[in-house]
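Working notes, beginning with the structure itself.
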Amino acid sequence: MTPLNLLSRQLIGMVHVRALPGTPRDKGYFEKVIETAVHEAVTLEKAGFTAILLENMHDVPYLKTKVGPEITASMAVIAQEVREKISLPMGIQILAGANEEALSVAVASQAQFIRVEGFVFSHIADEGFIDSCAGKLMRLRKELGAEKIKILADIKKKHSSHAVTADISISETAQAAEFFGADGVILTGHATGSAASAGELTEVLSRVNLPVWIGSGITANNISNYIKAQGWIVGSSLKKDNHWDNPLNPESLKRMVSSFLSFSI
Amino acid sequence: MGFFLTGDKVFYFSIQLHPQMFKQPKPIIGMLHCPALPGSPNYANSLENIYQFVLNDASALAAGGVDALMIENYGDLPFFPDSVPSPTVACLASIARKIKKSFSLPLGINVLRNDGISALAIANAARAQFVRINILTGARLTDQGIINGKAHEVLRFRNRIGARTIKIFADISVKYSSPLAPRHLKNEIEETVHRSGADGLIVSGEATGKPVDLKTLQEVKTFCEGKPIWIGSGANSQNILELSQYADGFIIGSAFKPSLDAPIEVNRVKEICSKLNRSAQ
């Protein structure tokens, strides 16, 4: 298992886990859900990605900040199966904002990072009002003896209204995340598949000493606009017709990895 | 019915125990007592060691001849009365999956003290076949305080996650507890089976390793509503033959080891399993 080096550039491939048991889109074939996730993770590793991130993307509509044990247990089993088949650093995200459960799954499956929504301040997501989780989450990480699991925190995250923090800039948000102990911050556009702002990237980089990752809208064509970032989380653009709901498209994987390699080495 | 009467003698039928799950009559379920998991007060800071400990115990149980395995968060003292936190769920799911992939035996989950919902969630994720629930219905005074049965939630949850094939083995008058208002055993059993959906009944003594009261066992067998009866504590090489006259199966942990924290010893497993195989033939 390769450790996650936040100082080196990372191309992180999303594994959008199919609908889990008990969720509205669940089709009742959990073994198939495991197989598909493992297959996608292995495909991403072979294509040349440097890390993967498992996310329960198909569990729509998402619960707000707490999921049941059926999601925690299912993600733990999937993460473990993936862990056994790949050697890349692995991250966990459990939607929406179920960060304690994500940390638990990361501990159980020896994953290296979690992606955290709602780390600092508040916003209104499509699931409703999300409040800062940093205080409780960082205490849990300590309690579990899991300080080595990195926290990558979304700031002013996609799919959300940030009117309640309209007087706080993106870089001030990043500074708050740094102050509260995040290991890195993630910039996004307004939705899955939509691009972040290159101007915001420059602004945030000038104000914090943390790695900054881009968390939405990255394509083989625009990745070079974010050349100063330390990581790029890619999902939708790897899929057929650039839609997250579709299977991986081998051509898109190749194009993405070669764009990444063209400036990262 | 589990019995019939001729004159002053009572004869007991042996009930066929979920034949799709257990190959042998009078199956023995070997307990896998997990050391303290992350977040528990006694956690020793190495999940790898825990995984290894449990896998070693499972190997000893399988080599000694048990018919099934059951994982329990036995080291997580003091126990939560109801829902356990997510680290416990995630770690038990990982352990259960590792065991399930390494051993072909049927697998059960017990999440102490009474988290039947998490047990079902873990069993479903790890593809295990049964759960043990200490207090499925009614209310009891336990060392964790008053615990209410949640059959209404447990059975709905099992349906929602598509896990109806996972069997529920429910304790009757479970160890480490007292009834809040004593009731006739017959009523308690009827409610556990007919109104709360138990697929099997478990009888235990007053504590881990303590033998069951033979009279209680006979009574449970008499009223068992056609459901299999498991011995849930205190079965050992001395009493297993006698108990097997009434019980349909055994859940054994302490008798397989010299002390509760020690690893399972394969010779102890063999000794007990061989007694039962002889009687079964």
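Any read-out appearing in this document is the output of simple, stated calculations on the displayed coordinates, not a laboratory observation. Just so it is clear, the structure is predicted and the values come from calculations on it, not from any experiment. Backbone-built Cβ (ideal geometry, glycine too); neighbour counts: all protein chains shown.
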message: Please give me the summed charge of the neighbours of B:Phe103: other residues whose Cβ is under 13 Å from its Cβ, Lys and Arg +1, Asp and Glu -1.
response: +3
- prompt: For the protein assembly as shown, what proportion of DSSP beta bridges, expressed in % and rounded to the nearest 5, is antiparallel?
  reply: 25 percent
- prompt: Can you list the residues of the stretch A:228-245 with backbone N under 11 Å from a point 7 Å past the Cα of A:Val42, pointing along Cα to Cβ?
  reply: none
query: Counting other C-beta atoms within 10 Å, which of B:Asp261, A:Asp154 has the fewest, and how do the rest follow?
result: B:Asp261, A:Asp154
- prompt: How do A:165-172, A:106-113, B:262-269, B:21-28 rank on mean C-beta neighbours within 10 Å, highest first?
  reply: A:106-113, B:21-28, B:262-269, A:165-172
field: Among beta bridges that DSSP assigns inside the stretch B:23-280, antiparallel share in %, nearest 5
entry: 20 percent
- prompt: If Lys and Arg each add +1 and Asp and Glu each add -1, what is the summed charge of the other residues whose beta carbon sits under 13 Å from the beta carbon of B:Val269?
  reply: 0
query: Residue by residue through the stretch A:57-69, which ³J(HN,Hα) values in whole Hz follow from phi under the Karplus form 6.51 cos²θ - 1.76 cosθ + 1.60 (θ = phi - 60°), with glycine and proline marked x?
result: 4, 8, 7, 6, x, 6, 7, 9, 6, 8, 10, x, x
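If I take all pairs of Cα atoms in the stretch B:128-178, what percentage of them are more than 13 Å from each other? Walk me through the numbers on the way to the answer.
Details: 756 of 1275 pairs.
Looking at the stretch B:128-178, the distances longer than 13 Å represent 59 percent of pairs.
Among DSSP beta bridges lying fully in the stretch A:10-264, give the percent that are antiparallel, nearest 5. Before the final figure, lay out the partial values.
Working: 7 of 34 bridges.
If I count the DSSP bridges inside the stretch A:10-264, around 20 percent turn out antiparallel.
List, in the order given, every pair from A:Lys27/B:Lys227; B:Lys23/B:Lys150; B:Lys26/B:Lys167; A:Lys64/A:Lys157 whose Cα-Cα distance in the structure shown is over 20 Å. Can you show the working numbers first?
Working: A:Lys27/B:Lys227 32 Å; B:Lys23/B:Lys150 31 Å; B:Lys26/B:Lys167 17 Å; A:Lys64/A:Lys157 15 Å.
From A:Lys27/B:Lys227; B:Lys23/B:Lys150; B:Lys26/B:Lys167; A:Lys64/A:Lys157, over 20 Å: A:Lys27/B:Lys227; B:Lys23/B:Lys150.
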query: Based on the Cβ-Cβ distance from A:Leu7 to B:Ala63, what FRET efficiency comes out when R0 is 45 Å, to the nearest 0.05?
result: 0.40
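Within 10 Å of each Cβ of B:118-128, how many other protein chain Cβ atoms are there on average? Present the calculation step by step, with values, prior to reporting the outcome.
Details: counts 5, 2, 4, 10, 7, 1, 8, 15, 6, 4, 0.
What the average comes to for B:118-128 is 6.
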query: What does the average come to when, for each residue of peptide A:75-82, you count the partner chain Cβ atoms lying within 10 Å of its Cβ?
result: 6
- request: Per residue of the stretch A:119-136, in order, report the coupling 6.51 cos²θ - 1.76 cosθ + 1.60 (Karplus, θ = phi - 60°) as ³J(HN,Hα) in whole Hz, putting x for Gly and Pro.
  value: 6, 10, 6, 9, 7, 9, 8, 5, 8, x, 6, 10, 10, 3, 10, 4, x, 6
task: Could you name the aspartates and glutamates whose alpha carbon sits less than 17 Å from that of B:Lys257, not counting residues in the same chain fewer than 8 places away?
output: B:Asp57, B:Glu72, B:Glu265, B:Glu271
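What are the DSSP H helices in chain B that stretch 20 Å or more along their long axis, judged by alpha-carbon atoms, and whose average Kyte-Doolittle hydropathy comes to at least 0.0?
Numbers: long enough: B:47-64 (26 Å, 0.56); B:86-102 (24 Å, 0.24); B:266-280 (21 Å, -0.53).
The answer, listed by residue number, is B:47-64, B:86-102.
I need the fraction of alpha carbon pairs in the stretch A:10-264 separated by more than 35 Å, rounded to a whole percent. List each step's numbers first, then the result.
Values: 2399 of 32385 pairs.
For the stretch A:10-264, the share of Cα pairs beyond 35 Å comes to 7 percent.
Using only the Cα atoms, what convex hull volume per residue in Å³ does the protein assembly as shown have?
On the way: hull volume 77.7 nm³, N = 546.
In the protein assembly as shown, the Cα hull volume divided by residue count equals 142 Å³.
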query: What FRET efficiency comes out for the pair B:Gln238/A:Tyr29, r = Cβ-Cβ distance, R0 = 45 Å, nearest 0.05?
result: 0.45
message: Let me check I've understood the local charge: for A:Arg25, count other residues with C-beta under 9 angstrom from its C-beta, Lys and Arg +1, Asp and Glu -1. What total comes out?
response: 0
Cβ neighbours within 10 Å from other chains - mean over A:107-114: 4
- prompt: Classify chain B: rounded, prolate or oblate, from the alpha-carbon gyration tensor (a ≥ b ≥ c, eigenvalue square roots; a/c under 1.5 rounded; otherwise prolate if a/b is larger than b/c)?
  reply: oblate
message: Ranking request for peptides A:10-23, A:244-257: highest mean number of other beta-carbon atoms within 10 Å first, then the rest in descending order.
response: A:10-23, A:244-257
- prompt: Going by how many other Cβ atoms sit within 10 Å of their own, how do B:Arg113, B:Arg127 line up, fewest first?
  reply: B:Arg127, B:Arg113
statement: Quick P(r) readout (the stretch B:38-152; Cα-Cα; 10 Å bins; whole %) gives 14, 44, 33, 9
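What's the exposure ranking of B:Ile189, A:Ile130, B:Ile231, going from fewest to most Cβ atoms within 10 Å?
Working: B:Ile189 23, A:Ile130 19, B:Ile231 26.
In increasing order of surrounding Cβ atoms, one gets A:Ile130, B:Ile189, B:Ile231.
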